[in-house]
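Structure record follows, encoded as structure tokens.
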Amino acid sequence: MIFVSVFLLWIGCFASYLSSSKQRLVKTAYPKGAVVFCTTILLSLAVAGLAEHYGWLVSSLISLLLVMAMWLLLVIVASHIRQRAILVFSLGAVFFPSIFLLGIH
């Protein structure tokens, strides 16, 4: 369930990045209202999924840490890779769950 939770966080962060008017991965930004709602739902599901293995406070802090790291990676990577949203999504989808495969949990 940890991998699913991390993947849900990544989807939420990626969608929130694509809703920005300053992004250059897709031609038109996604509607902010729908993305904020979906990101909130995904973040809640991720915290609940992490809470099955950790406590609620620890899972909230892990989610906060991962969201900050994901947004940082998105800003850095997406500024160098333009018009390739699938490549940026794949990088994050492989990188962040791999952290937990290394035993950092």
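The values are calculated or read from the model by the stated rules, or taken from the named source; none is laboratory data. Since the structure is predicted, the reported quantities are computational estimates derived from the model, not experimental observations. All Cβ positions, even for glycine, are placed from backbone atoms using ideal geometry, and neighbour counts span all protein chains on display. These area figures cover heavy atoms from the full protein model, side chains too; ligands, DNA and RNA do not enter into them. Shrake-Rupley method; radii C 1.70, N 1.55, O 1.52, S 1.80 Å.
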Every listed condition ((1) open to solvent by less than 70 Å² (accessible area, probe 1.4 Å); (2) more than 16 Å from the chain's Cα centre (by Cα)) holds for L9 save (2)
The number of residues in region 63-74 that are open to solvent by 30 Å² or more (accessible area, probe 1.4 Å) and touching a residue at least 24 places away in the same chain (Cβ under 8 Å) is 2
Within region 82-98, of all residues that are of a type in the set (A, V, I, L, M) and touching a residue at least 12 places away in the same chain (Cβ under 8 Å), the one surrounded by the fewest Cβ atoms within 10 Å (Cβ to Cβ) is A93
Residue count, region 17-30, condition without any contact (Cβ under 8 Å) to a residue 40 or more places away in the chain and either surrounded by 16 or more Cβ atoms within 10 Å (Cβ to Cβ) or within 13 Å of the chain's Cα centre (by Cα) (or both), comes to 3
Listed by first then second residue, the pairs whose first member lies in region 31-48 and is in contact (Cβ under 8 Å) with a residue 12 or more places away in the chain and polar (S, T, N, Q), whose partner is surrounded by 14 or more Cβ atoms within 10 Å (Cβ to Cβ) and assigned to a loop (DSSP other than H, G, I, E, B), with beta carbons under 6 Å and at least 6 positions apart or on separate chains, are none
